[in-house]
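To start, the structure under review is shown below, and the notes come after it.
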Amino acid sequence: LILHGSGWPLDKHAHGGWFLYHGEDNQVMVGLIMDLSYQNPWLSPFDEFQRMKHHPVLAKHLEGGKRVAYGARSITKGGFNCLPKMTFPGGLLIGCDAGTLNFAKIKGLHTAMKSGMVAAETVFDAVANESEGGEELSAFTEKWEQSWAYAELKESASFGPALHRYGTLVGGAYNFVDQLLGGGKLPNLHDTTPDHAALKPAAECEKIEYPRPDGKLSFDKLSSVYLSNTNHEENQPCHLKLEDPAIPIRDNLPKYAEPAVRYCPAGVYEVVEDDDGQPQFRINFQNCVHCKTCDIKDPAQNITWVAPEGGGGPNYPNM
Ligand code: SF4
């Protein structure tokens with residue numbers, strides 16, 4: 001069984017959708033995809049996901065089951081308008097690393113594979129022409145722009161921006177006309193606000209009270225992270241770099257109630273009190289599941305995720 005849906009629990013607060021797939025051996029994979037352009041700093045993607053699993057459409061597939069795995073990841077789903085330059089000296093940026101996912105279809109394997117095939121053909125030609133390596137394979141760009149995958153992404157370029165600009169109903173209608181009747185010929189809409197600049201001050205937003213997890217369908221962050229088999233070598237430098245260590249408490253806390261505490265799906269960031277009752281920003285980098293949300297969503301763009309020492313990180317089973 002394959003289920004895709006949108007709406008609750010995000011309808012009031014953010015855009016996104018969910019999936020539920022049946023796998024082998026009676027397993028069910030369920031997930032929530034949420035746009036990081038949300039405005040309310042009180043929002044917690046992790047808790048929205050926990051709440052979502054209680055919807056009867058999903059709950060009936062999960063009740064009586066046992067939670068065996070957990071993970072989180074940022075997806076480059078901006079589509080055609082967000083594709084970067086995909087060539088650089090000595091390398092090519094392809095597939096989901098470049099953002100070839102077609103979110104309108106909730107599919108990305110086919111376009112990622114096509115970009116890989118075009119890359120392979122380009123590299124093969126370069127090797128056949130006795131390229132010395134290290135140069136920029138600009139022939140890739142031309143081949144890629146002539147591929148069906150590029151045309152498909154171009155056709156659905158406005159899908160996300162239409163939903164963001166006009167909402168689910170009108171945006172959905174725009175997409176219906178654009179995709180199904182117009183073949184992607186309506187004006188190409190763009191999202192122009194970076195995700196990190198989308199947050200409103202906490203004082204202007206409704207505080208969201210999430211229900212406590214019941215331990216059957218919904219769970220807390222730390223026991224979930226345990227199931228991601230995340231491991232980092234002890235005593236290594238923190239791989240989440242703050243450009244200015246003062247910003248979380250000085251700026252983000254009063255203005256946005258430090259949203260890192262909620263947008264991180266692994267409980268890495270905490271605001272704790274020191275012995276004098278003063279707030280301190282704590283980074284539990286050992287828990288990091290490498291989703292990169294902090295690098296994208298921090299309103300001050302103060303956090304940079306770098307690869308940790310020793311190749312540590314989540315170790316997802318069955319993936
Ligand atoms: S610290 Fe950043 S990259 Fe790591 S899990 Fe949290 S949000 Fe994701």
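If you place +1 on the Cβ of every Lys and Arg, -1 on the Cβ of every Asp and Glu, and leave all else neutral, what size is the dipole of the chain about its Cα centre, to the nearest 20 Debye?
On the way: 28 positive and 40 negative charges, 261 e Å.
Dipole about the Cα centre, nearest 20: 1260 debye.
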Check: Hey, in the GNM for the chain with a 10 angstrom Cα cutoff, which one of PHE124, PHE176, PHE80 fluctuates hardest?
Finding: PHE124
Check: Cα centroids of the stretch 74-126 and the stretch 292-314: how far apart, whole angstrom?
Finding: 22
Margin query: Apply the a/c threshold of 1.5 to the C-alpha gyration tensor of the stretch 129-273 and tell me whether it is rounded, prolate or oblate.
Written below: oblate
Next item on the list: Express the relative contact order of the chain as a whole percentage, based on alpha carbon pairs under 8 Å and six or more residues apart in sequence.
Entry: 20
Notebook entry, point to check: Which value, in debye to the nearest 20, gives the size of the charge dipole of the stretch 33-97 about its Cα centre, when Lys and Arg are +1 and Asp and Glu are -1 at the Cβ?
Noted result: 200
Next item on the list: Please give the calculated 222 nm ellipticity per residue for the chain, where each DSSP H segment of at least 4 residues contributes -39500 (n - 2.57) and the sum is spread over every residue; nearest 500 deg cm²/dmol?
Entry: -7500 deg cm²/dmol
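Count charges around GLN27 for me, please; just the other residues with Cβ under 12 Å from its Cβ, Lys/Arg as +1, Asp/Glu as -1.
Values: positive: LYS66, ARG67; negative: GLU24, ASP25.
Charge balance in the 12 Å sphere: 0.
Within the set of other residues whose C-beta is less than 13 Å from the C-beta of GLY313, count the net charge using Lys and Arg as +1 and Asp and Glu as -1. Walk me through the numbers before you get to the answer.
Numbers: positive: ARG73, LYS292; negative: GLU233, GLU309.
Local net charge: 0.
Please compute the per residue accessible area over the stretch 79-195 with all protein chains in place, 1.4 Å probe, rounded to a whole number of Å². Show your work: numbers first, answer last.
Values: 6810 Å² over 117 residues.
That works out to 58 Å² per residue.
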Note to self: Using 26 Å as the Cα-Cα cut-off, could you pick out the over-long pairs in LYS66/LYS207; LYS53/LYS185; LYS207/LYS297; LYS221/LYS292; LYS85/LYS292?
What the structure shows: LYS66/LYS207; LYS53/LYS185
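Report, to the nearest whole %, how much of the accessible area of the chain belongs to carbon and sulfur atoms, 1.4 Å probe, protein only.
54
Please say if the stretch 202-290 is rounded, prolate or oblate, where rounded means a/c under 1.5 for a ≥ b ≥ c the square roots of the C-alpha gyration tensor eigenvalues, and otherwise the choice is prolate for a/b larger than b/c and oblate otherwise?
oblate
Using a cut-off of 10 Å between beta-carbons, work out the net charge of the residues near LEU217 (Lys and Arg +1, Asp and Glu -1, LEU217 not included). Write out the running numbers ahead of the final one.
Values: positive: ARG51, LYS53, ARG67, LYS216; negative: GLU63, ASP214.
Value of the local net charge: +2.
The values are calculated or read from the model by the stated rules, or taken from the named source; none is laboratory data. All of these numbers come straight from a predicted model, not from anything done at the bench. Neighbour counts are summed over all protein chains in view; Cβ atoms, including those assigned to glycine, are modelled from backbone coordinates with ideal geometry. Please note that ligands, DNA and RNA were not included when accessible areas were found on the heavy atoms of the full protein model with its side chains. Shrake-Rupley method; radii C 1.70, N 1.55, O 1.52, S 1.80 Å.
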